[in-house]
Every structure is written in structure tokens, then in C-alpha cells.
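Encoded as C-alpha cells, the structure appears first; notes follow it.
The values are calculated or read from the model by the stated rules, or taken from the named source; none is laboratory data. Values in this document were obtained by computation on a predicted structure and should not be read as measured data. Here the Cβ positions follow ideal geometry from the backbone for every residue, glycine too, while neighbour counts run over all protein chains shown. The accessibility values were calculated without ligands, DNA or RNA, using every heavy atom of the protein model including side chains. Shrake-Rupley method; radii C 1.70, N 1.55, O 1.52, S 1.80 Å.
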Amino acid sequence: MYPEYLSGQVKLVEKTRPKRVDLALSGKPVYPPMNAEEREDVLSKYHPDYAPGAKRAVRVGPNRGQELTTEVATILEAHSMIRPKLTSTLLTEPDYETDLLIIGGGGAGCWAAITAARKGMKSLIATKLRMGDAYTMMSEGGMQAAVSRTDSPTRHYLDAMGGGHFDNDPALVRVLTEDAPEVVRELENLGVMWDKMPDGSMQVLHGGGTSRKRMVSCRDYIGAIIMRTLMDEVRNHPDMISVREFEPAVELLLDEHGKCAGAILYSLDTEQFLTVKAKATIIATGGFGRLHIRGFATTNHYGATGDGLVIAYRAGAKLKYMDSVQYHPTGAVFPEQIAGFLITEKIRGAGGQPLNKHGELFVFPREPRDVESAAIIRECSPDRNNGIDTWVGRTGVWLDSPIIEEIYGEGYIRKQFPGMCRQFDRFGIDIVKEPMLIYPSLHYQNGGVAINERCETSIPGLYVAGEASGGVHGRNRLMGNSVLDYNVFGRRAGQYATEYAQTVTLGRLSLEHVAAHEREMEYAGIDTDLISPLILPSYTPQDVKNHQLARLGNVPALHSMLRSRFAPGERRTRP
Amino acid sequence: MQREVEKTEHLGKLEQLRANMVNVYINGKRHIVPEHATIMRAIEYAGHQIIRGAGCREGFCGACGTIYRLPGDYKLHTGLACTTLVKEGMALTQIPSVPMEKAVYDLEKLTPDVNAILQVYPVTFRCVACGTCNKACPQNLPVMDYIQSAMRGDIAAVADMSFDCVACGLCALRCPAEIIQHEVGILSKRLTGRYLRKESKELDDRLEEIHSGKYNSEYVKLMGLDKVALSELYYGRDVEP
């Protein structure tokens, strides 16, 4: 039940529902989809990427002079935790030696380790939190794979390119879409329980921007199911894969010839720096949602602070499309305790509709995410003033879920969306009977470290897979293509890094690139006390933080988790 | 003008929200936190930087298992810190990790029946059906029922009932028979996905098409198009209802 001040507005949604049900059942589009000009118009006026101050030129590194998302430029223009001159023993006496170092224990990292193990290659997974504490765990709605007879991998290709505004790297999109059906089978062989039709064929639904029903799913827990399956499999090979938890990487190591040769880890338990010497290194660290770009609440995991970008960039890897951010159209707005949480796009895939305060549709429910988000922001903006306000100062629009049962029949929502039901049941809202209040939430790092279809970067021996990479999705990812991304490219990274590690010989280890970064910062006149990677966001109230810093003589300690001054907070997201 | 009035009213509400504070005892120490805070938010509001005990922060990963007691209530409650609200007088502590041994096994050498449970997690059969696990589960899953199903070898039922498990391990910590329920659930889901599925003929055919190179020429054609031509194709494509 909504509080009284909102329940009156819910009635308007109920009032317009019968008419909307009729239209939905007619098979005609429930609202006219936008053409290219309309998309461009709403994006340029309302998408947060286009807001003043959203981007700025970065002053150091391989992308110097290019406009990047402001918060990204800020963490790239920060100091290292490592002082190369003081840490030479780290280089002569590595703490671990391995063939393959995998940084990140999410979906891509686990796939890389499993693939390498199958090829006889030993690996070490170093991860910031626990293995599986990753954004992978949180995906809800589904994964795109062209498995139905009416569909084809090339249709999937066209949809993905259009969704990304044709900026995607064609070679990457080809392997993404062409490997997809095999990923479905491979996951099934590892024991993933797909939603199926009675005849055994995959259940498929629409997602934003799909021209065929292509979303395969595991109820609304696809990420949890895939992640736990992959983790379990990793742990079934203790002889091949070792795992170091609570040991995030804080710098890459190069050898004297510029090849990647491992990383320096930082133990969150003991505050030790640990050196890993590795023949090949894979960055699978995920994205940057916890930077709370433009003050937005995020759907992201606690550890999503863009660490992989920072360490790869300092080592000389080029970034791609780091000027674009994905806001998921449907983040929760009410109740406050779950503000920003992801409401799966599968809701709209199954017929759910975004509605304004009059209970009316204002956008086709399955536009690509950036377009859908911009349209919702427009509806809530003073230009239209059609949002619904909550008492704590948030604004949103309705997402009509009860309409789904009118389309698919009684019981469908509880069967297909157990996670969403649970999320709202906790606060006494029954999404079978009542709509949800939603607003766009910071969701995904569209760009990342530039890779090719072998996951290679511009640094020999450095591979990147998953959200940390850039190019696959252009400037806007479609629903279900990131689950696919880490599966496809995690496997590929494991395969190609293994092939490389079998032949490479390393020279002397070096941290010269870190020293060079410090020199470049000085030359550019950058005066900052920020240290990156950030490792974890800080949600400590400012007054407590001030006292912590006072205790440290107002100098942020390099080695302490209390050092983080990057405290973006979760500012209100009123348009 | 109308907006201004609303705004004043809204600020008033905010103040009201700020004023409602409650006492909670984090690891035995009293802190004053907003009453609408989740346990996780309360810990951070108190100034802690959580390292162990936060993960997805949305109820999927099971990193933030927490135990607590309430005043005048003898019960030891369990919950996820990210989705449980604080209450006046709550005394809480987070569980940083759940000690347990995950069995190492080869999925290809198991059968989806009671033998798999016997081989991999024999401790399961110590279940005394006391129901403590059910009470401990923050997802309100019928944990005891799926453990009973596991003992009967009904692997598909275990998979179905444990589907929404977040593997926080609170059931395993409370279990007087020392079973690791969540791992039994994961094993059963994998067995179900691997062995009890109905095969998809469509998927077989699609894989065959891809391996035979059926889409190569179309890919080459599409990849050769410039943005304008691709855009025309994209906006002109038909969309399945």
C-alpha cells in the first residue's frame, strides 16, 4: 500500500488501464516508437550526458585532450597509492607467480579462469571483495541470444548497432552476437536453469530496442544463477585456479619491454602491498557506478569504482567511449530505502508501461535505454512537469506492472518476477496490484578500455573483458547485452590470454609507468590529493569524515581505507 | 507560486524525517541513526567503512548477513543489512564470513538423484526437520522443505524451492545439524540445469547454422555498410509484436 498522498495518484493509473490493456492486446504498438530525429532531440535536450559540466578534457595519459565523463577524468588525474622509488623490493621478490592473473571475480573473470583451466593453464583470481561480489550477481532480466527460429545473429547485430547509435565496433558486435547461442548452451552445460517452454525451446521476451523476442532468462535472477554457477565451477578446480579475496589490484606491472607482467595488489585485511608476477593479465573489474556520476543514485555493486580503468590507463592503455554513461530507465524511487535499485527491464519486456501523473503513456515502453531514460527525465522536467513527487524530494513516473497480468494471466508476475516482488513486498507494496514509482538510475559504463575481438589491448599481455572494456556497445548498451558481453568476452579473454601466456617470456619488472604518470600530472599542473583507484566509495557522513581527517593531520593516509575523499554522496535527483 | 508553497511544505517534511532518530547498538555500542535507515545505512551513518559485510547492496549477493535482537524480545533475528530497517533498541552485528567447506566435485560424474547429495553433501542427511533454517532465511524460502526434498532425491524440487537463495549462509550458521543448505541448493540447481532440462531443438539448429558459416556473408555485408546505410536498414526493420 502506498501512503495516502500517493495512493490517490495510483487510482489514475487504474483508471486508464482497461484502455491500455485493449491496445496492448491488439498487437499494435502501444505508443509510436521514435524515429532517428526524435531520438536525437530528446537525447540532446534531456540525457544527463549532454548536461553542462557532464564532460571535460582529461589532461594526462593516452586520451589526453579528449572529453571524458567528468568524474572519470577526475579519477584518472589522481595519484597512485604506490611510490615506485620506495617499493623496489616489491619487484624483485614477487609474492605470487602465476601464468595468468585475472583481476576481478565476477562473471568475466570466472569465465576466463574456467576457460584457461580447460586449456591446462593455471590462473589466479584477485578480487576486491568476495568472489562473486560483482555486478554480474545483480542482473535480473535476461541475456540476449538469437535462439528463436524467427531471429538470427545478424538481426541481433543490427539491433545492437542501432542501439549504440552505430558507434559500436563492428568486429566486437559480430563476435558478441555470433557467440551468443553457444554461450547459452555452454551455460546450460554448466548447470544454468534457463526459463524454457514446455517443448524445451528457450523462453524469449523482448527488451528495449530488440526487433525480435531474444531475451533468455532465469526468472528475474539471471545474474545470481549464472554467477553462482560459475563460482561453483571455479571452486571445483582448486588445483588450477587459486582465488585471493579482499585483494584488489592497485597498479599493473609492466616488464622492461612494456609487456604487462602482473599487478600490485593491496590487501584490505592487512594493508599490505602484494606483487603478482604473471605472464598474462586480464582485467575484469567491471564498471564505475559507485562514482555516482552527476549525483545519480546507482544500481551498481559496492565495488564498482572503475579501478580497472585507472590501472590500465596508467599503464598506457587507451580508453574508448568514456564520454557516455548509461542510466537505466527504471530505478526505484519509492520507498526511499530502495531508491536507485534496479527494476528489471523484463517488466517492460513483458508489457509493463511507464506512465505520467495523469496515468498516461508518454513514450514507447521499449525504446533503447538512453532514449527511454531521456524521455522519462523530460516528463519529470519543468518543461512538462508530469512527474510524481515523493516527500523526500524525489520525482518519478509510474511503471505499471499490474497490466502484465492482464496480458499474460493471473500468477504470471509472482512466477516471473520473484525478486522484484520480494523487493517491494518488504515495504508492503504488491506490484501485482500496484504500479512502481521509477526514475532513471546510473547503471552502466558504456565505454572502457579499447579491445579487439581477442580482448587484446594496446599493451601486450593485457586483456580486458566485460564492462571494463569499451567498443562493444558504442555509446548505449541494450538490455541483455552486458550479461552476454561478460560471457562472450570472458571466455575469449581466457582463451587468447592462455595462448599468449604459453609462449611469452618476461623481462625485468617495472613500475616506471607509475613514476611517469606522476611526472605527467606535475607537468600538467594538476594539484590534487585524490588517490585512485578508489577501491570503495565512502558513505560516511561529512562531519564524521572531517574528524577522521583531523585525526590524520588533514592529510589523507595513502594506506588507509579511511583515506577516501571522493565522497560523492547520493544527491537528490530532481531534474 | 504553487511550486513554492509545495517546496516549503516539502522542506517541512524533510525536517520531520530528520528528527525521527532511533538508538541502535552496533557491535554493542550505541549510535543514533535515522529511523528510516536500513541496517547497512545505519552502520555507514555511524561512520564505519564497511569492508566485509556489503556487496550488491540490493539483496542479491548475500554478503551482508546480520544477526540482531530487539528490546524485550528473546529471539535472535537474522536479516540482510541492505534491506532490513533499523528499529529502536536494535542490537546488531554483521557476519563477516560463513566458515564452511564447499565440496569439490565433477558435475559430469554426478547423477541428478539422491546419490549426488549422498556423495557431495552427506551431512544433509543429519536434518532433524526442526525448521530453524526457515526462520533464519531472509528470503523467506522453505529451506527445510528443500533439504527434505534433497534427502528424498527430488533434485528438481530442491532447485525450484532454493531458486531465490542469496547464499548468505545464515541458515547454515543456525542449523543444529550443521548442514550447509545453500550449497545443497546450488548443487541441485546445477544438476537440474545440466541433466533435468528438456533439450532445445531450436538451439541445436542455430548452433549448427553458425558452425556451418551460414551467417558469414550477411555479417560481411552488414559490417561493410556505412552509418547512413546501416541506419536506414535499422529504422526500416520490422519488429515482432
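Observations
- The residues on offer are A:Gly287, A:Gly303, and the sole one that is within 12 Å of chain B (Cβ to nearest Cβ) and surrounded by 24 or more Cβ atoms within 10 Å (Cβ to Cβ) is A:Gly303.
- Taken across region B:152-162, residues that are open to solvent by 50 Å² or more (accessible area, probe 1.4 Å), within 14 Å of chain A (Cβ to nearest Cβ) and among the acidic types (Asp, Glu) do occur, with at least one present.
- Residues that are more than 7 Å from every other protein chain (Cβ to nearest Cβ), assigned to a loop (DSSP other than H, G, I, E, B) and open to solvent by 10 Å² or more (accessible area, probe 1.4 Å), drawn from region A:200-235: A:Gln203, A:Val204
- Residues in region B:173-201 that are touching a helix residue (DSSP H, G or I) at 6+ places or on another chain (Cβ under 6 Å), small (Gly, Ala, Ser) and buried (at least 24 other Cβ atoms within 10 Å of the Cβ): B:Ser188 only.
- Filtered residue count, region A:444-480, keeping only those that are open to solvent by 10 Å² or more (accessible area, probe 1.4 Å) and modelled with pLDDT under 95: 1
- Looking across A:Tyr50, A:Tyr135, one residue alone is surrounded by fewer than 16 Cβ atoms within 10 Å (Cβ to Cβ) and aromatic (Phe, Trp, Tyr). It is A:Tyr50.
- Condition met for A:Pro238 (without any contact (Cβ under 8 Å) to a residue 24 or more places away in the chain, part of a loop (DSSP other than H, G, I, E, B) and within 21 Å of A:Gly107 (Cα to Cα)): yes
- In the set (1) more than 24 Å from A:Val397 (Cα to Cα); (2) at pLDDT below 95, A:Ser7 fails one condition alone, (1).
- Among the residues making up region A:240-249, a single one is in contact with an Asp or Glu (Cβ under 8 Å, 6 or more places away or on another chain) and surrounded by fewer than 24 Cβ atoms within 10 Å (Cβ to Cβ): A:Phe246.
- The numbered conditions (1) over 30 Å from A:Thr505 (Cα atoms); (2) out of contact with any Phe, Trp or Tyr (no Cβ under 8 Å at 6 or more places or on another chain); (3) of a type outside the set (Phe, Trp, Tyr) are all true for A:Glu97 except (1).
- Pairs are defined by a Cβ separation below 7 Å, a sequence spacing of at least 6 or placement on different chains, a first member in region A:270-290 that is within 15 Å of A:Lys259 (Cα to Cα), and a second member that is polar (S, T, N, Q) and surrounded by fewer than 24 Cβ atoms within 10 Å (Cβ to Cβ); the pairs so defined are A:Val276/A:Thr98; A:Ala278/A:Thr98.
- Residues that are open to solvent by 10 Å² or more (accessible area, probe 1.4 Å) and within 27 Å of the chain's Cα centre (by Cα) occur at least once in region A:393-405.
- Qualifying residues in region B:202-235 (those that are open to solvent by 80 Å² or more (accessible area, probe 1.4 Å) and at the interface with chain A (Cβ under 7 Å from one of its Cβ atoms)) - the one nearest to A:Val175 (Cα to Cα): B:Glu218
- Looking across region A:48-81, the residues that are in contact with a Pro (Cβ under 9 Å, 6 or more places away or on another chain) and either among the aromatic types (Phe, Trp, Tyr) or closer than 15 Å to A:Asp323 by Cα (or both) come down to A:Pro48, A:Ala54, A:Glu71, A:Ile75.
- Residue within region A:317-333 that is open to solvent by 10 Å² or more (accessible area, probe 1.4 Å), of a type in the set (Asp, Glu), within 14 Å of another protein chain (Cβ to nearest Cβ) and farther than 29 Å from B:Val239 by Cβ present: no
- Any hit, region B:88-96, residues being open to solvent by less than 40 Å² (accessible area, probe 1.4 Å), touching a helix residue (DSSP H, G or I) at 6+ places or on another chain (Cβ under 8 Å) and free of Cβ contacts under 8 Å to residues at least 60 places away in the same chain: yes
- When we screen A:Leu462, A:Leu442 for residues that are more than 11 Å from every other protein chain (Cβ to nearest Cβ) and touching a Cys at 6+ places or on another chain (Cβ under 8 Å), the only hit is A:Leu462.
- Listing of strands (runs of 3 or more DSSP E) fully contained in region A:425-516 that carry 3 or more residues being more than 30 Å from A:Lys415 (Cα to Cα): A:448-450, A:462-464
- Test: residue in region B:106-117 that is in a helix (DSSP H, G or I), away from chain A (no Cβ under 13 Å) and not β-branched (Val, Ile, Thr): yes
- Pairs, first more than 16 Å from A:Gly352 (Cβ to Cβ) and part of a helix (DSSP H, G or I) in region A:1-23, second of a type in the set (D, E, K, R) and open to solvent by 30 Å² or more (accessible area, probe 1.4 Å), C-beta under 8 Å, six or more apart: A:Gln9/A:Lys357; A:Leu12/A:Lys357
- Just one of the listed residues (A:Ile282, A:Ile311, A:Ile264) is part of a helix (DSSP H, G or I) and either out of contact with any Leu (no Cβ under 6 Å at 6 or more places or on another chain) or among the β-branched types (Val, Ile, Thr) (or both), and it is A:Ile311.
- Residue match in region A:392-403 (condition: of a type in the set (A, V, I, L, M), within 14 Å of chain B (Cβ to nearest Cβ) and not in a loop (DSSP other than H, G, I, E, B)): no
- Total residues in region A:146-167 satisfying the condition of being open to solvent by 10 Å² or more (accessible area, probe 1.4 Å) and more than 7 Å from every other protein chain (Cβ to nearest Cβ): the figure is 3.
- Test: residue in region B:128-150 that is of a type in the set (D, E, K, R) and within 10 Å of chain A (Cβ to nearest Cβ): no
- Of the residues making up region A:268-284, those that are surrounded by fewer than 23 Cβ atoms within 10 Å (Cβ to Cβ), over 26 Å from A:Thr136 (Cα atoms) and not β-branched (Val, Ile, Thr) are A:Glu271, A:Gln272, A:Phe273, A:Leu274, A:Lys277.
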